[in-house]
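Here is the structure we will look at, set down as C-alpha cells.
The values are calculated or read from the model by the stated rules, or taken from the named source; none is laboratory data. Just so you know, these numbers come straight off a predicted model, no measurement behind them. Cβ atoms come from the backbone with ideal geometry, glycine included; neighbour counts cover every protein chain shown.
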Amino acid sequence: MKKNTILCILSFIIIISNCGLMRPKWKGVDLSDEEIKTLEVIDVEEDNIKKLIVKPLYKFNEKELDAYLKYLYNSEFDLRTRVQHLARKCINQPYQIYLLGEFPFEIHDPDPLFNLNKSDCVVFSEHIYSMALSYDWESFFATLQRIRYKDGEISYITRNHYTEYDWDINNSWLVSDITRDLAGSRVKSVTSVYDKSLFFNRVGLNTYFAPDTFKWEYIPANSITPELLGSLKPGDFVNIVRGYDDNDVWVGHVGLITKNDDGTTNFLHSTNPRVKEEPIMDYLNRNLQKNEERRLHNQKARAYNQMLKEKNSNKKLKRTLPYFLGFKFLRLNDDPMWELFKIDGFGAPRVTIPSSY
C-alpha cells in the first residue's frame, strides 16, 4: 500500500508539473499601465492582445490583425520601430513566389489581393510597410493597394511589376533613393529598356506601351563596406541587383533593414523556404561566393545549349543563373502618410477599383 501511495503522489506531482508546463505563453506577458489605458480607449481586450503578442503574425486572421494594428499604432509611435517589430513577427512565414493577383476584380492573375499566411519578397515588404502605417484592418488594406499599384488603381496593368522602374518610383512618397548618398562616385549607372506591351501580352492583354529606357544606379558588391551598411536604418528598403552583364541588369530581390541592439545591420526578407533575418554582410559574402558557382554552372549550360543548337536538337535548354551584382538602397521616409496626403489629398490613401465595378 505504501508503494501504491507513493506512486499516486508521484503521479499527482507529474500531472501538476505538466499543467505548469502547459501554461499559455501569453499568461507571462505584462502590459504597461499606459498600454492598458490605450486598450480601454480603442476597445480591445487585454487578454486578446496578450495572446497576439506571442503569436506569429503570419498565423493571424483578419480580425486579429485589426485588433493588433489598433494596439500597435496607439502604443508605439515610432514608425521604424513598428516596421522592425512587424517584420520580426513574420520570421519563419512560409515562402511562395507569385502570390498575389487582382481577384476578384480581374482574372488575368487570379490570385487574391492579399494573403496573411505566406509571402514572397515583394509581398512581404508591401505587407509590413502597409501594416506599420495603418491603425486597423481597413487602413491596412487600402494602404496595401496604394503601395502595390500606381496611384492606387487596382489593375494588372497598373501593378508595380518592375521594382526599379515601377515600385521604387511610384512609391517615392514612402521611400527615397539614397544609393548615391551612401556611395557617391562608387555607384554604377545602368540604362535598362522596358517593353511593357510584350510583358502584358504574355497574359493576353493586347495593350500598347512604347518601349522605354530608364537610367538608374546601384552600388557594386565590391564597393560595399561595413561602414556603409552601418549607416542604414531600420525600415530601409533593400533592392538586390542581379544580372549577367552591363546590358542585362535588374532588381531581382527585395527586403528590409533591421538593427540589433549591438548595432549589427540585418537583412530581413522573404526567401525560399521562409522569412529569415541575417546580418547583411553575411548575405553579401555568401552571394559573392555563390557567384563563382554560378559562373561554372553557366559555362557548362552555355556549352550544352550550343551543342543542342548545332545538332538542331529539341531537348530542353539548360537555364543560366544570374549573378549577384550589388545593392540599391531606399530610405523609409520620416512621415510617409504626410507625403501621400500631398499627392492624394486628405482622403489618402486613394484607391480606385476597376470601372466595371
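When D43, D78, D66 are checked against the criterion of being among the acidic types (D, E) and touching a residue at least 24 places away in the same chain (Cβ under 8 Å), a single residue qualifies: D66.
Here is the figure for region 43-98: residues that are part of a loop (DSSP other than H, G, I, E, B), farther than 15 Å from C121 by Cα and not charged (D, E, K, R) total 6.
Can you confirm whether region 11-27 contains a residue that is closer than 30 Å to M131 by Cβ, in a helix (DSSP H, G or I) and at pLDDT 90 or above? Talk me through it step by step, then tell me what you get.
Keep residues of region 11-27 that are closer than 30 Å to M131 by Cβ, which gives 23-27.
Now narrow it down to the ones that are in a helix (DSSP H, G or I): 25-27.
Filter once more, so that each one left must be at pLDDT 90 or above: none.
There is no residue in region 11-27 that is closer than 30 Å to M131 by Cβ, in a helix (DSSP H, G or I) and at pLDDT 90 or above.
Considering only residues that are hydrophobic (A, V, I, L, M, F, W, C) and exposed (fewer than 12 other Cβ atoms within 10 Å of the Cβ), look in region 179-202 and name the one that is farthest from A221 (Cα to Cα).
Top of the filtered list is L198.
Inside region 267-286, can you point out the residues that are hydroxyl-bearing (S, T, Y) and surrounded by fewer than 20 Cβ atoms within 10 Å (Cβ to Cβ)? Listed by number, the list holds a single entry, T271. Note on region 121-142: residues that are among the acidic types (D, E) and assigned to a loop (DSSP other than H, G, I, E, B) total 1.
Among the residues of region 257-266, not a single one is small (G, A, S), modelled with pLDDT under 95, at positive phi and surrounded by fewer than 17 Cβ atoms within 10 Å (Cβ to Cβ). Within region 109-166, which residues are under 17 Å from the mean Cα position of the chain (by Cα) and among the basic types (K, R)? Hits for region 109-166 are K118, R146, R148, R159.
Please verify whether R146 is touching a residue at least 60 places away in the same chain (Cβ under 8 Å), more than 24 Å from P56 (Cβ to Cβ), touching a helix residue (DSSP H, G or I) at 6+ places or on another chain (Cβ under 8 Å) and charged (D, E, K, R), treating the condition exactly as stated. Before the answer, list the steps.
Numbers: touching a residue at least 60 places away in the same chain (Cβ under 8 Å): yes; more than 24 Å from P56 (Cβ to Cβ): yes; touching a helix residue (DSSP H, G or I) at 6+ places or on another chain (Cβ under 8 Å): yes; charged (D, E, K, R): yes.
It is true that R146 is touching a residue at least 60 places away in the same chain (Cβ under 8 Å), more than 24 Å from P56 (Cβ to Cβ), touching a helix residue (DSSP H, G or I) at 6+ places or on another chain (Cβ under 8 Å) and charged (D, E, K, R).
The sole residue among L288, L308 that is closer than 26 Å to A87 by Cα and modelled with pLDDT of 95 or more is L288. Might you let me know whether region 73-80 holds any residue that is touching a helix residue (DSSP H, G or I) at 6+ places or on another chain (Cβ under 7 Å), of a type in the set (G, A, S) and surrounded by 14 or more Cβ atoms within 10 Å (Cβ to Cβ)? The answer is yes, given that some residue of region 73-80 is touching a helix residue (DSSP H, G or I) at 6+ places or on another chain (Cβ under 7 Å), of a type in the set (G, A, S) and surrounded by 14 or more Cβ atoms within 10 Å (Cβ to Cβ).
Answer yes or no: is there a residue in region 102-111 that is part of a loop (DSSP other than H, G, I, E, B) and within 24 Å of I240 (Cα to Cα).
Taking region 102-111 as the starting set, the residues that turn out to be part of a loop (DSSP other than H, G, I, E, B) are 102, 104-111.
Next, only the ones that are within 24 Å of I240 (Cα to Cα) stay: none.
So far as region 102-111 goes, no, none of its residues is part of a loop (DSSP other than H, G, I, E, B) and within 24 Å of I240 (Cα to Cα).
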